[in-house]
């Protein structure tokens, strides 16, 4: 929200009354909750009435705004931050609904254990901990007894719950980035949070098989290095973004007759609406058998973004299979993965592709980016233009202007199924 | 097309307003009254003046219309991914934290984040004088309209942000009834907040 300036009109008689100090406590709480903790605590000096208005704040956020530290001395900084948190927690009263600790200079000190213990005695619903420096912080056992949590967000932590841990019964949203945990801990965590709706996993280690058993999951965002993704019972999953960050070589010895990764992946995603396939994930999907179309079309899919290596015939086949199986696609984004052009490569023959056999009847917006202007890319664009009778806009943004003119000449020439279509060349 | 049920509301100063049921139900208080069977007669709101009730109805009408629009277009679900993407982009972590994976740059352009029109409308709506703003927050609290409460609370908070204590006292006409000694004592207690 834009910051409001105080009124420029002169104060009228009406304004001389102090309207704010007598507002009910929970309205004041609400107003103060939109201020930084620092600004909220400063109100204690406004008047005697205001002295302890801030102590019932339901949200406590300790971040860079709390302590403006000019010192470079790590010990001094740490002591100061620890003092602030201890001080605030001691004065605070009433339920703490949200606790966030995210100061750039705070490392994983043992004082955090003490604060989590304090929180675990209450009814905290949101817990966010970001350790911006130093080693992974090992979470204390008491965190795992915060049974009222519905949102848990951790950055640079190590999770090793006690054997008595049986999941977070109310957890709806889980955001784990730069974390370490073991395979069985991961699986147990996911499957023992029955209400989980949102899951974010970025840059994790300690586990490499993503077995996701989450009947209520709707949103799944993951980026990291893993060997396999296995959804089970994820019939409500509608928004997925997956990035496989490593070009891992795949075992070509797949049992004959088993469905490839592409079929396996989509078999448990009947409700998928928005899908992003990033980094090398398309390569993973292209392992194994790639059918012409999926056995069950993705009828709900309206947005698709794919990072693709156009020189890889398997990847292009997989992308095509997915496109053919998404009759209701409205927006498409294709991003080329910058790869060395191989000396010899097999390109998919798209000339034979009949644009009338699977037109994209809902596709109105296409974005193409990071391409170099080579033939296999152009063939794909040509195919898209010929198969999209409802297209309104196609934006093409190459990675460099090197073949700009050639690219533009080709684009100009391609037949368009839609007379409305604008084809826009964007400078890189 | 069936005609929509209308609810009659009466402000503290006797003004009568007829609103669609869906709009009236933006207020949880009124919604409960309707559920309890009072929807067929005039619902009195003795704590809300006509002037403020008018504005509140304007707010609720707009938001109900926006919700309808969204449902009809079946635009992407309320979960917005770009919020998460902000965090997913590699934060500037100091070298100490080992980077286990080599990642390709996440394409930020991928999903354009446009400021939504309703946010702009809300900003215009709440751009009122302080007196009205306070009346709105009190009324939206009484009528239990969360979105309006949040909007007005945020607006009031914005007026307090990054201001000195003196400035805040002046804006809101708060009388400083501390003795200089008391004030100094409190400043020292929470010294970190005053630096």
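The values are calculated or read from the model by the stated rules, or taken from the named source; none is laboratory data. What you see is a predicted model; the values in this text were computed from it and never measured. Ideal geometry is used to build each Cβ from the backbone, glycine not excepted, and the neighbour counts take in all protein chains shown.
Among the criteria (1) surrounded by fewer than 21 Cβ atoms within 10 Å (Cβ to Cβ); (2) within 30 Å of the chain's Cα centre (by Cα), the one residue A:391 does not fulfil is (1).
When restricted to residues that are outside any strand (DSSP E or B) and surrounded by 15 or more Cβ atoms within 10 Å (Cβ to Cβ), segment A:404-428 contains 9.
For segment A:50-69, the criterion of being away from every other protein chain (no Cβ under 11 Å), out of contact with any helix residue (DSSP H, G or I) (no Cβ under 8 Å at 6 or more places or on another chain) and either farther than 28 Å from residue A:160 by Cβ or at pLDDT 95 or above (or both) is met by at least one residue.
Among the residues of segment B:136-192, those that are crowded, with 20+ Cβ neighbours inside 10 Å and more than 9 Å from every other protein chain (Cβ to nearest Cβ) comprise B:136, B:139, B:140, B:143, B:145, B:148. Annotation note: of A:210, A:244, A:199, the sole residue that is closer than 16 Å to residue A:279 by Cα, buried (at least 16 other Cβ atoms within 10 Å of the Cβ) and either in contact with a strand residue (DSSP E or B) (Cβ under 9 Å, 6 or more places away or on another chain) or facing chain B (nearest Cβ under 8 Å) (or both) is A:244. Residues in segment A:93-115 that are within 29 Å of the chain's Cα centre (by Cα) and over 15 Å from residue A:151 (Cβ atoms): A:103, A:104, A:105, A:106, A:107, A:108, A:109, A:112, A:113, A:115.
Of the helices (runs of 4 or more DSSP H) lying entirely inside segment B:138-195, those containing at least 3 residues that are over 30 Å from residue A:80 (Cα atoms) are B:146-160, B:165-172.
In segment B:39-57, the residues that are farther than 11 Å from residue B:139 by Cα reach residues that are surrounded by fewer than 19 Cβ atoms within 10 Å (Cβ to Cβ) and modelled with pLDDT under 90 with C-beta atoms within less than 8 angstrom, at least six apart or across chains, in these pairs: B:39/B:5.
Give me the helices (runs of 4 or more DSSP H) completely within segment A:35-150, filtered to those with at least 2 residues that are within 29 Å of residue A:168 (Cα to Cα) and in contact (Cβ under 8 Å) with a residue 24 or more places away in the chain, ordered by residue number. In segment A:35-150, A:74-91, A:111-120 are the helices (runs of 4 or more DSSP H) which contain 2 or more residues that are within 29 Å of residue A:168 (Cα to Cα) and in contact (Cβ under 8 Å) with a residue 24 or more places away in the chain.
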